[in-house]
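Taking it in order: structure first as structure tokens, then the write-up.
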There are 2 protein chains.
Amino acid sequence: VKAALLSIGDELLVGQVVNTNATWLASKCTELGITVLTVSTVGDGIDMIVEEIRRLMTLADVVITTGGLGPTHDDLTDEAILALAGASTVSPLPNNVGTAPGMLCEREGAMVIAMPGVPIEMKRMAEEVVLPMLSERIEEDEDVWQYRVVQTTAIGESKLAGVIGPVSDFLGTSTLAFLPNYHGVRLRVGARGASREVRQHELQRVIAEIKSRAGKYIYAEGETSLAETVGRLLKIRGETVAVAESCTGGLLGGAFTDVAGSSAWFEGGIISYSNAVKENELGVSHDVLQTHGAVSEEAARAMAEGVRHRLSSTWGIGITGVAGPDGGTEEKPVGTVWISVSGPRETMVRRFTFGTDRTSNRARSVGAALAMLWKQLV
Amino acid sequence: VKAALLSIGDELLVGQVVNTNATWLASKCTELGITVLTVSTVGDGIDMIVEEIRRLMTLADVVITTGGLGPTHDDLTDEAILALAGASTVSPLPNNVGTAPGMLCEREGAMVIAMPGVPIEMKRMAEEVVLPMLSERIEEDEDVWQYRVVQTTAIGESKLAGVIGPVSDFLGTSTLAFLPNYHGVRLRVGARGASREVRQHELQRVIAEIKSRAGKYIYAEGETSLAETVGRLLKIRGETVAVAESCTGGLLGGAFTDVAGSSAWFEGGIISYSNAVKENELGVSHDVLQTHGAVSEEAARAMAEGVRHRLSSTWGIGITGVAGPDGGTEEKPVGTVWISVSGPRETMVRRFTFGTDRTSNRARSVGAALAMLWKQLV
């Protein structure tokens with residue numbers, strides 16, 4: 001099965017919005033074994049939309065569009081699909097998050113699927129309706145690529161590559177991609193073969209090789225977040241966690257509570273952005289703040305221990321750092337972050353030196369804190 | 001001048017890399033007044049690359065490619081450009097950051113520009129060579145499109161469309177796009193005209209029309225976030241804000257502290273995910289939690305007032321709701337969120353009924369809380 005993706009919207013052509021929809025859809029199609037031939041973008045003009053869908057129908061078996069399905073006058077995809085469909089049937093696809101339904105139509109041997117452009121609506125529709133439907137179209141015995149993901153953390157990309165060693169020793173015809181993010185490195189293994197069974201067997205063989213080399217860094221197989229894994233481990237142990245956040249300002253709490261059911265193991269926390277909150281709500285001593293500063297090993301430790309004590313949780317995490325762009329000094333440059341994990345037996349503290357970008361410094365701090373707690377739980 | 005952008009590389013088609021190059025280039029072209037007609041992507045196959053550049057040459061005056069210029073076997077763009085050029089001259093474009101030069105060739109009235117795919121190399125080459133060259137081609141008096149963004153909040157897309165009324169009454173040859181997100185609706189106005197002055201004047205005219213109809217919902221012109229705007233207003237007033245978050249678990253604090261320099265007006269907060277934290281850290285009475293429940297008008301009010309008092313801030317925000325997927329009841333279904341804003345004069349509370357998706361319920365809660373505080377500050 002060959003697919004072509006089409007993103008619709010002036011906002012993409014004027015460079016106002018990064019096209020993350022196409023990337024996400026391409027990765028999902030690839031995981032299913034569908035080859036994405038091309039990704040294209042056109043604006044909110046009815047002629048351009050119709051013409052482009054027609055062109056893509058001649059190239060691919062499935063054309064998937066996103067965008068242009070809303071209620072306003074510049075949403076023209078539904079009109080385009082109706083124009084293209086002619087006498088063919090157009091079926092609606094349910095939208096469980098928003099108001100505009102998707103559309104499906106088959107014509108001249110090609111399937112055209114139209115989904116909304118709002119990422120959350122598109123993803124839900126894709127996961128619940130479109131991808132399962134496409135999956136059924138892929139024959140059991142077809143010679144396609146199949147992929148599986150192994151999630152690692154607490155190790156960087158280069159070090160992980162060193163630990164795994166020369167991949168040519170064990171990959172054979174399979175592939176291995178290193179995909180780093182703020183919480184760790186995703187390893188995507190690809191295998192091809194004449195049947196699902198052959199592919200599954202080959203994927204298992206390669207993953208077993210990776211496990212034998214880098215097993216201690218693997219926290220999950222498949223699409224599981226590090227926060228989800230940490231939560232599952234806490235729940236099994238009957239333990240809880242609380243957070244004391246300065247430079248991350250609530251993002252670690254946000255990551256924990258992104259997991260459905262997190263109330264079973266996440267107690268809450270204190271966002272201690274000002275020194276007054278660090279002192280009054282977490283009991284960080286005035287002396288520590290005066291002598292060592294708010295960004296220090298001592299402050300991180302006092303924050304983790306303070307929140308653990310205050311909220312009566314099993315574990316406490318403290319994060320304090322200089323996210324940037326301002327506030328850096330020679331001794332503590334932008335990107336300096338202290339993270340502490342306090343537990344029943346001891347309190348650990350680590351210093352990290354990230355980069356100069358505020359957003360990525362904050363995201364990397366969250367990832368590093370999760371990795372530190374994860375290591376204590378396995 | 002009309003441009004077509006082509007991104008080249010298998011990594012884009014399998015969804016490994018988000019295509020930020022195309023977004024950046026599209027925004028730069030748009031700023032210059034160049035209309036980007038289409039953005040497309042093909043893999044590392046010589047025939048596809050040649051065929052796609054040929055097609056784009058028939059649509060646009062300038063075709064700009066990125067990717068496929070490196071030293072490895074899968075870098076085929078240089079080969080494609082040479083094949084297309086025939087007897088025409090191919091000029092190299094200097095690369096001051098990396099090793100692979102860009103390429104320029106003019107044929108059949110179209111200009112083809114090939115740049116590297118590494119973002120930092122592409123951006124430097126674009127800024128130093130390509131964009132100045134294209135700028136020269138655009139006469140001051142040429143008939144191009146220009147865009148400006150107006151940000152609105154505290155009103156939904158359909159209602160806003162109703163408030164603005166029939167756009168044909170005032171748009172003329174200009175365009176207006178509604179781009180909703182979780183914090184509001186972005187309005188993108190486009191105007192064309194024979195000179196920069198004419199276009200600026202027309203943009204001002206249309207924006208003045210929008211302001212006269214929907215002015216009370218506009219929080220900024222240009223690319224400013226709602227949290228940034230709220231922070232700026234607080235700073236001007238010499239006031240501060242603190243947050244008490246239940247279902248958002250820290251995301252509102254995360255949004256405030258995403259703004260550089262937020263320590264001037266953001267005090268911190270309490271993530272009161274459990275009832276114990278609501279009682280002990282925010283002073284929500286046991287009676288309120290027993291009688292009305294943690295998701296109630298009374299609890300939201302007590303949270304906002306509690307955090308305002310505890311952290312000695314000018315404003316306190318409380319958020320409590322059922323994010324889902326579990327925890328809904330007939331009386332309080334998933335998507336029910338109470339938000340309270342407590343200030344020097346009074347405490348306001350509003351009930352929202354969002355959807356069934358946990359992630360979007362949380363994001364919409366953050367947007368609604370920011371909008372409520374913004375309304376108190378203007």
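The values are calculated or read from the model by the stated rules, or taken from the named source; none is laboratory data. Only a predicted model underlies this, so the values are computations on that prediction, with no experimental measurement involved. Positions of Cβ are generated from backbone atoms using ideal geometry, with glycine treated the same way; all protein chains shown enter the neighbour counts. Accessible surface is based on the protein model in full, side chains and every heavy atom, while ligands, DNA and RNA are left aside. Shrake-Rupley method; radii C 1.70, N 1.55, O 1.52, S 1.80 Å.
For region A:220-378, compute Rh as the Kirkwood radius over C-alpha pairs and then the Stokes-Einstein diffusion coefficient at 10 °C and 1.306 mPa s; write the answer in µm²/s, rounded to an integer. If you can, show how the numbers build up before the last one.
Details: Rh = 15.4 Å.
In µm²/s, the coefficient is 103.
Please work out the Cα convex hull volume for region B:222-297 and give it in Å³ per residue. Before the final figure, lay out the partial values.
Working: hull volume 8.2 nm³, N = 76.
Spelled out: Cα convex hull of region B:222-297, divided by residues, is 108 Å³.
Rounded to the nearest 10 Å², what accessible area does A:Glu221 have for a 1.4 Å probe in the complete protein model?
Its accessible surface works out to 80 Å², give or take rounding.
Using only Cα atoms, what is the ratio of the radius of gyration of region A:297-356 to 2.2 N^0.38 Å? Write down the numbers at each step before the final one.
Numbers: Rg = 12.6 Å, N = 60, 2.2 N^0.38 = 10.4 Å.
Against the compact-globule rule of thumb, the ratio is 1.21.
Taking H placed 1.01 Å from N in the peptide plane, check which residues at least 5 places from B:Ala220 or on another chain put their amide H under 5 Å from its amide H.
So B:Ala220 has HN proximity to B:Gln151.
Divide the volume of the convex hull of the Cα atoms of region B:191-242 by its number of residues and quote the answer in cubic angstrom per residue.
It is 101 Å³ per residue.
Dipole of chain A (Lys/Arg Cβ +1, Asp/Glu Cβ -1, origin at the Cα centre): which of A:Ser212, A:Pro180, A:Val97 lies farthest to the positive side?
Sorting the options by dipole projection puts first A:Ser212.
Among bridges DSSP assigns within chain B, what percent are antiparallel (round to 5)? Before the final figure, lay out each step's value.
Details: 41 of 68 bridges.
In chain B, DSSP labels about 60 percent of beta bridges as antiparallel.
Report the far tail of the P(r) of region B:47-86, meaning the percent of Cα-Cα pairs longer than 16 Å. Provide the component values of the computation, followed by the final result.
Working: 257 of 780 pairs.
Beyond 16 Å sits 33 percent of the P(r) for region B:47-86.
Cα atoms only, region B:157-230: Rg and Dmax in Å?
12.8, 38
Regarding chain A, what whole-number volume in Å³ per residue does the convex hull of its Cα atoms give? Intermediate values should be presented prior to the final figure.
Numbers: hull volume 63.7 nm³, N = 378.
So the per-residue Cα hull volume is 168 Å³.
How high is the relative contact order of region B:89-160, in percent, with contacts defined as C-alpha pairs under 8 Å that are six or more residues apart? Display every interim value, and only then the final one.
Numbers: 58 pairs, mean separation 15.2, N = 72.
Across region B:89-160, relative contact order equals 21 percent.
Just by accessible area at a 1.4 angstrom probe, what is the order of A:Ser296, B:Ser312 from largest to smallest?
Details: A:Ser296 5, B:Ser312 95 Å².
In descending accessible area the options line up as B:Ser312, A:Ser296.
Applying 1/(1 + (r/R0)^6) with R0 = 22 Å to the Cβ-Cβ distance of A:Glu330 and A:Glu297, what FRET efficiency is obtained, to the nearest 0.05? Intermediate values should be presented prior to the final figure.
Working: r = 18 Å, r/R0 = 0.81.
The calculated FRET efficiency here is 0.80.
What residue among B:Ser225, B:Ser158, B:Ser313 shows peak mean-square fluctuation when chain B is described by a Gaussian network model with Cα springs under 10 Å?
Looking only at B:Ser225, B:Ser158, B:Ser313, the largest GNM fluctuation is found for B:Ser158.
Calculate I(q)/I(0) for region A:45-140 by the Debye formula, one identical point scatterer on each C-alpha and no solvent, and give its log10 at q = 0.10, 0.11, 0.18, 0.19 Å⁻¹ to two decimals.
Cα-only, vacuum Debye calculation for region A:45-140: -0.24, -0.29, -0.80, -0.89.
Mind checking the full-extension length gain between A:Glu221 and A:Val18? Use 0.36 nm per residue of separation minus the Cα-Cα distance, one decimal, nm. Provide the component values of the computation, followed by the final result.
Working: separation 203, 0.36 × 203 = 73.08 nm, distance 2.86 nm.
Gain on extension, A:Glu221 to A:Val18, equals 70.2 nm.
Beyond 17 Å, what share of the Cα-Cα pairs of region A:95-181 is found? Please give it as a whole percent. The partial results should precede the final answer.
Working: 2530 of 3741 pairs.
Above the 17 Å cut-off, region A:95-181 has 68 percent of its Cα pairs.
For A:Ala244, list long-range residues whose amide hydrogen, built 1.01 Å from N in the peptide plane, is under 5 Å from its own amide hydrogen.
A:Ile270, A:Ile317, A:Gly318, A:Ile319
What is the diffusion coefficient of the protein assembly as shown in µm²/s, taking the Kirkwood radius over Cα pairs and the Stokes-Einstein relation at 20 °C with a viscosity of 1.002 mPa s?
Working: Rh = 27.9 Å.
Estimated diffusion coefficient is 77 µm²/s.
Rounded to the nearest 5, what % of the DSSP beta bridges within the protein assembly as shown are antiparallel ones? Please report the intermediate quantities before stating the final value.
On the way: 90 of 144 bridges.
Roughly 60 percent of the DSSP beta bridges within the protein assembly as shown come out antiparallel.
Assuming R0 = 30 Å, can you tell me the calculated FRET efficiency for the pair A:Lys375 and A:Asn280, based on Cβ-Cβ distance, to the nearest 0.05?
Details: r = 31 Å, r/R0 = 1.05.
E(calc), rounded to 0.05, equals 0.45.
Taking 2.2 N^0.38 Å as the expected size of a compact globular protein, what ratio does the Cα radius of gyration of region B:64-105 give against it, to two decimals? Display every interim value, and only then the final one.
Details: Rg = 10.3 Å, N = 42, 2.2 N^0.38 = 9.1 Å.
Relative to the rule-of-thumb radius for its length, region B:64-105 sits at 1.13.
Rounded to two decimal places and with Rh computed the Kirkwood way over Cα pairs, what is Rg over Rh for region B:2-80? Write down the numbers at each step before the final one.
Working: Rg = 12.3 Å, Rh = 12.8 Å.
Result for region B:2-80 is an Rg/Rh of 0.96.
Which FRET efficiency value, to the nearest 0.05, is calculated for A:Asn181 and B:Lys211 with the Förster distance at 41 angstrom and r the Cβ-Cβ distance? It would help to have the intermediate numbers written out before the result.
Values: r = 42 Å, r/R0 = 1.02.
That gives a FRET efficiency of 0.50.
Which whole-Hz ³J(HN,Hα) couplings does region A:250-256 yield from phi under the Karplus relation 6.51 cos²θ - 1.76 cosθ + 1.60, θ = phi - 60°, glycine and proline marked x?
x, 5, 5, x, x, 5, 4
Where Rh is the Kirkwood radius over the Cα pairs of region A:264-339, the temperature 4 °C and the viscosity 1.567 mPa s, what D in µm²/s does Stokes-Einstein return?
Numbers: Rh = 12.7 Å.
After rounding, the answer is 102 µm²/s.
What does the average come to when, for each residue of peptide B:39-51, you count the partner chain Cβ atoms lying within 10 Å of its Cβ?
On the way: counts 11, 8, 10, 4, 5, 0, 1, 0, 0, 3, 0, 0, 0.
Counting Cβ atoms of other protein chains within 10 Å of each residue's Cβ and averaging gives 3.
If packing is taken as the mean number of other Cβ atoms within 10 Å per residue, what is the order of B:80-90, A:110-120, A:185-195, highest first? Kindly include the intermediate steps, with their values, before the conclusion.
Values: B:80-90: 14.9, A:110-120: 23.4, A:185-195: 18.9.
In decreasing order of mean packing, B:80-90, A:110-120, A:185-195 become A:110-120, A:185-195, B:80-90.
Using alpha-carbon positions, what is the distance between the centroids of region B:317-378 and region A:251-317, in Å?
Distance between centres, Cα-based: 25 Å.
Filter the trypsin sites (Lys or Arg not before Pro) in region A:113-172 to those in DSSP coil with at most 15 other Cβ atoms within 10 Å of their Cβ, and list the result. Don't skip to the end; give the middle numbers.
Details: sites: A:Lys123, A:Arg124, A:Arg137, A:Arg148, A:Lys159; in loops: none.
For trypsin sites (Lys or Arg not before Pro) across region A:113-172 that sit outside H, G, I, E and B with at most 15 neighbouring Cβ atoms in 10 Å, the list is empty.
Quick check: the distance between the Cα centres of region A:34-82 and region B:71-114, to the nearest angstrom?
Using only Cα atoms, the two centres lie 30 Å from each other.
Per 5 Å bin, what percent of the C-alpha pairs of region B:154-303 does each bin hold, from zero upward?
Result returned by the calculation: 2, 8, 14, 13, 12, 13, 12, 9, 7, 4, 3, 2, 1, 0.
Could you please put B:Asp75, B:Asp143, A:Asp169 in sequence from largest to smallest accessible area, using a 1.4 Å probe?
From most exposed to least exposed: A:Asp169, B:Asp143, B:Asp75.
Hand me the GluC sites (Glu not before Pro) from region B:142-209 located in a DSSP loop with no more than 16 other Cβ atoms within 10 Å, in residue order please. Show your work: numbers first, answer last.
Details: sites: B:Glu142, B:Glu157, B:Glu197, B:Glu202, B:Glu209; in loops: B:Glu142.
Of the GluC sites (Glu not before Pro), the ones in loops of region B:142-209 whose Cβ has at most 16 other Cβ atoms within 10 Å are B:Glu142.
Expressed in nm², what is the orientationally averaged projection area of the convex hull enclosing the Cα positions of region A:79-129? Before the final figure, lay out the partial values.
On the way: hull surface 14.3 nm².
The number I arrive at for region A:79-129 is 3.6 nm².
Which whole-number percent is the relative contact order of chain A (Cα, under 8 Å, 6+ apart)?
Details: 754 pairs, mean separation 40.8, N = 378.
Averaging sequence separation for qualifying contacts and normalising by length gives 11 percent for chain A.
Give a residue-ordered list of calculated ³J(HN,Hα) values for region B:185-196 (Karplus: 6.51 cos²θ - 1.76 cosθ + 1.60, θ = phi - 60°; whole Hz; x for Gly, Pro).
10, 7, 10, 10, 9, x, 9, 10, x, 6, 8, 4
Work out from phi, with θ = phi - 60° and the Karplus expression 6.51 cos²θ - 1.76 cosθ + 1.60, the ³J(HN,Hα) of each residue of region A:358-374, listed in order in whole Hz, and give x for Gly and Pro.
Result, ordered by residue: 4, 4, 6, 4, 5, 5, 5, 5, 4, x, 5, 5, 4, 5, 5, 5, 4 Hz.
Sort B:Met348, A:Met57 by accessible area with a 1.4 Å probe, largest first. Please report the intermediate quantities before stating the final value.
Details: B:Met348 60, A:Met57 30 Å².
Largest to smallest exposure gives the sequence B:Met348, A:Met57.
Please work out how much length the chain gains when fully extended from A:Glu346 to A:Ser135, using 0.36 nm per residue of separation minus the C-alpha to C-alpha distance, in nm with one decimal.
The A:Glu346-A:Ser135 span can extend by a further 71.0 nm.
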